[in-house]
Structures are given as C-alpha cells and as structure tokens.
1. Could you grab me the full set of residues in segment A:26-42 that are open to solvent by 30 Å² or more (accessible area, probe 1.4 Å) and not hydrophobic (A, V, I, L, M, F, W, C)?
2. Residues that are surrounded by fewer than 22 Cβ atoms within 10 Å (Cβ to Cβ) and aromatic (F, W, Y): which helices (runs of 4 or more DSSP H) entirely in segment B:50-164 hold 1 or more of them?
3. Given the structure, is A:A40 assigned to a loop (DSSP other than H, G, I, E, B), more than 30 Å from A:K130 (Cα to Cα) and without any contact (Cβ under 8 Å) to a residue 12 or more places away in the chain?
4. Considering only residues that are outside any loop (DSSP other than H, G, I, E, B) and not aliphatic (A, V, I, L, M), look in segment A:165-179 and name the one that is farthest from the other protein chains (Cβ to nearest Cβ).
5. Looking only at segment A:167-177, count how many residues are touching a residue at least 40 places away in the same chain (Cβ under 8 Å), surrounded by fewer than 24 Cβ atoms within 10 Å (Cβ to Cβ) and not aromatic (F, W, Y).
6. Which residue pairs have Cβ atoms closer than 6 Å, lie 6 or more positions apart in sequence or on different chains, and pair a first residue in segment B:99-123 that is facing chain A (nearest Cβ under 9 Å) and in contact (Cβ under 8 Å) with a residue 12 or more places away in the chain with a second residue that is of a type outside the set (G, A, S) and not in a helix (DSSP H, G or I)?
2 protein chains.
Amino acid sequence: MKRAPATDPRVIRSRASVLAAALELMSEKGIAGTTIEAVAARSGIAKTTIYRQWDNQQALALDAFATLLNTAPTPDTGTLRGDLLELIRGLAQALTASPAAALMPALIDAAERNPTFAAVHHQEAARRHKAASTALTRAVHRGELSPDADPADVIDLLAGPIFYRRYVSRGEVDETFADLVVDHVLTGLHARARHPHSAPRR
Amino acid sequence: MKRAPATDPRVIRSRASVLAAALELMSEKGIAGTTIEAVAARSGIAKTTIYRQWDNQQALALDAFATLLNTAPTPDTGTLRGDLLELIRGLAQALTASPAAALMPALIDAAERNPTFAAVHHQEAARRHKAASTALTRAVHRGELSPDADPADVIDLLAGPIFYRRYVSRGEVDETFADLVVDHVLTGLHARARHPHSAPRR
C-alpha cells in the first residue's frame with residue numbers, strides 16, 4: 001500500500017534506493033526471497049525507514065513491479081504490418097533486455113494465488129493489449145483486415161510465441177523471430193479472410 | 001535427490017502421501033511456501049521420516065514436479081491437422097484441468113534462477129516438443145508440409161498462444177481456441193509454402 005507521495009528529497013532518494021534494491025533482489029531470488037531484511041541489507045536503508053513507507057513485503061513488491069510497467073509503445077506507421085512489427089519487436093526486446101523479463105514469471109506465479117498480484121499482472125497485459133487492439137481496429141477501418149478477426153485471438157497468436165520461446169522453449173527471441181511471427185500471423189489472417197469457410201488444405 | 005527406490009509398502013505409502021501433500025501445497029502456496037514443516041503438517045508424516053527420503057525442500061519439490069511429467073500423447077492420426085489438433089487440445093486440457101497447471105508458473109519462475117529446476121522445466125518441454133516434431137516430420141514425408149518450415153518455429157507458433165491465453169491474457173482455453181490456433185497456423189504454413197518469397201499483402 002502506498003503512503004502519501006513524499007516531497008522530502010531524502011525520502012524520495014531513499015524510496016528510489018529501496019525500490020531499486022527490491023527489483024534487483026526479485027530478479028535474483030524471486031518474490032519470496034525479497035524480504036524487507038534483504039532489501040534493507042542491499043539498499044543500506046534501515047528496516048524502520050522501509051516500514052515507514054510500506055506496510056509489508058507484498059506492498060513493496062507491488063510498488064517495485066509498478067515501476068516497471070511502462071506504457072507500451074503505440075505505433076501508428078500507416079500499415080498493420082508496420083504497427084505489428086513495432087509492437088512485437090518491442091515485446092521481444094522487453095522480454096530479453098529489460099529488467100522486467102526475469103520478474104515476469106515471478107509475477108505470473110504470484111498472480112496464480114494472490115488477487116493483488118493478479119491485478120498488477122492484468123494491468124500490465126491490458127496496457128500492452130490496448131496498443132495492439134488499437135492498431136487492429138485502425139487496420140479494419142483501412143480495409144486491411146477483416147472485421148471477422150477477433151482482436152483477442154490475434155493478440156494471443158502474436159504475443160504467445162514470443163512469451164513461449166522466452167520462458168519455455170528458450171530459443172533465440174530476436175527481431176528475426178518477431179518478424180517471422182508477425183508475417184506468419186498476417187499470412188494466416190489474409191488467407192483465412194479470402195477463404196473464410198474452407199478448412200486448411202490437409 | 002532420490003534415495004534408492006523403496007520396497008517396504010509402508011515407505012511407499014508414506015512417500016506417496018508426502019508427494020501428494022507437496023503438490024497440493026505447491027499449487028496453493030508456490031515453492032517457497034512448500035516447506036518440509038508444511039508438508040509434514042499437511043501429510044501427517046513426521047518431518048524425520050520425510051528427511052529420510054529427501055535431503056531438503058528443493059529435492060522434494062523436484063520429485064513432486066517429476067510425478068506430474070507424464071509422457072505427452074504421441075498421436076498418429078494420418079494427417080498433420082489430426083495430429084496437431086490432438087496435441088494442442090491435449091495441451092489446452094493439461095493447462096486448464098490438470099494439477100500441473102497451477103504449478104507451471106512456479107516451475108518457470110524457479111527455472112529462471114535455479115539450474116536444477118531449469119533442467120526439470122527443459123525436460124517437460126522437450127517431451128512435449130518431441131511428439132510435435134515427430135508429427136511434423138511425418139507430415140513432411142507425406143508431402144503435407146514444406147520441408148522449409150522450421151519445427152521449432154511451428155511448435156512455438158502452436159503452443160505459445162495456448163500458454164499465453166492461460167497465463168497472461170486469461171481468456172477461455174478450450175477446444176474451440178485450440179482448434180483455431182491449429183487451423184490458423186496451418187493456413188499460414190500452407191499459404192507461405194505456396195508463395196514462399198512474397199511478403200504478406202500490405
């Protein structure tokens with residue numbers, strides 16, 4: 001739970017140190033290993049000072065996750081393919097290069113059992129999905145995409161392989177793979193729009 | 001670490017009770033919450049008895065995960081579509097109805113930081129992927145699938161949306177969605193095989 005926003009520069013600095021230490025520890029040791037004691041040791045900020053800002057370990061973990069939830073890019077390149085390439089390359093980049101990448105499984109795991117973490121997880125996904133569904137809606141208006149395609153399905157078809165390769169099959173998650181996923185999904189969408197009622201040839 | 005296989009029926013029974021309690025606790029509380037103390041309390045088996053079989057909490061957690069790693073189905077229906085429908089419907093079913101579903105994020109999270117859990121996670125994925133790549137190889141031999149399609153890419157395109165919908169976007173993971181994913185990916189593969197060098201329209 002967040003207290004009233006601090007204005008004292010010393011409080012702002014110590015708050016930033018605590019959040020940075022908590023993020024480091026979460027990516028090294030998971031949420032369970034990120035105790036207030038461990039954060040105090042890592043940040044050099046006294047436990048009593050930390051408890052003045054956060055009620056408990058969960059409140060601190062939630063605030064630390066929140067600092068990572070940057071607004072997703074909202075590309076508007078003029079074509080669906082251009083927008084999707086930007087979005088999916090951005091996702092591939094975020095899951096390999098950003099500090100959030102190592103924390104995502106901890107957040108997903110915590111979300112399985114804890115409604116507060118589930119809400120943070122949901123908020124993160126919803127922000128990213130909004131950018132994609134805006135791009136899909138524009139493509140429908142431009143006549144580039146059939147209005148029959150369900151945006152939620154398309155988003156799962158696009159984002160799923162990136163997540164799966166990063167966290168399960170553990171292959172290379174690079175621009176080449178991002179582009180392959182986008183082009184594969186677009187080819188499928190266009191072929192299905194031309195022959196909507198045919199089963200795929202074998 | 002597993003000790004020599006027990007043959008005493010009492011040991012076999014207590015071992016099964018401990019593993020069942022560990023699985024229950026892992027899906028309720030995650031790996032960190034599944035202490036030997038908690039397993040003893042849940043199973044009614046004395047801590048000393050548990051420590052006779054497992055060196056520590058991690059060894060017990062690994063054995064409990066291993067009991068869930070059933071061999072994936074290896075369908076051979078005669079068509080690629082038939083095989084993939086069986087595999088992907090099976091995956092959707094496993095991620096929604098099986099006790100492993102709630103544990104998968106805990107395993108993925110533990111695998112981010114711990115090489116032993118990473119090995120278990122890798123083994124689970126490799127078993128499932130082998131069934132899929134066998135089906136894809138048969139399809140290439142039958143002339144149903146272009147040999148240019150990389151099986152690792154196809155597997156990520158198929159399994160990714162199922163995982164993503166289950167753990168991130170949290171929509172309905174049912175047979176309808178499994179079939180949509182299979183048909184979408186097959187349509188994309190066939191369209192790209194017919195026009196391998198063309199970018200998608202627009």
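The values are calculated or read from the model by the stated rules, or taken from the named source; none is laboratory data. Since this is a predicted model, take the numbers as computed values, not measurements. Here the Cβ positions follow ideal geometry from the backbone for every residue, glycine too, while neighbour counts run over all protein chains shown. The accessibility values were calculated without ligands, DNA or RNA, using every heavy atom of the protein model including side chains. Shrake-Rupley method; radii C 1.70, N 1.55, O 1.52, S 1.80 Å.
1. Residues satisfying the conditions are A:S27, A:E28, A:K29, A:T35, A:E37, A:R42.
2. Correct list: B:115-141.
3. Answer is no for this residue.
4. Looking at residues that are outside any loop (DSSP other than H, G, I, E, B) and not aliphatic (A, V, I, L, M), I get A:E175.
5. 2
6. B:A106/B:I31; B:A110/B:I31
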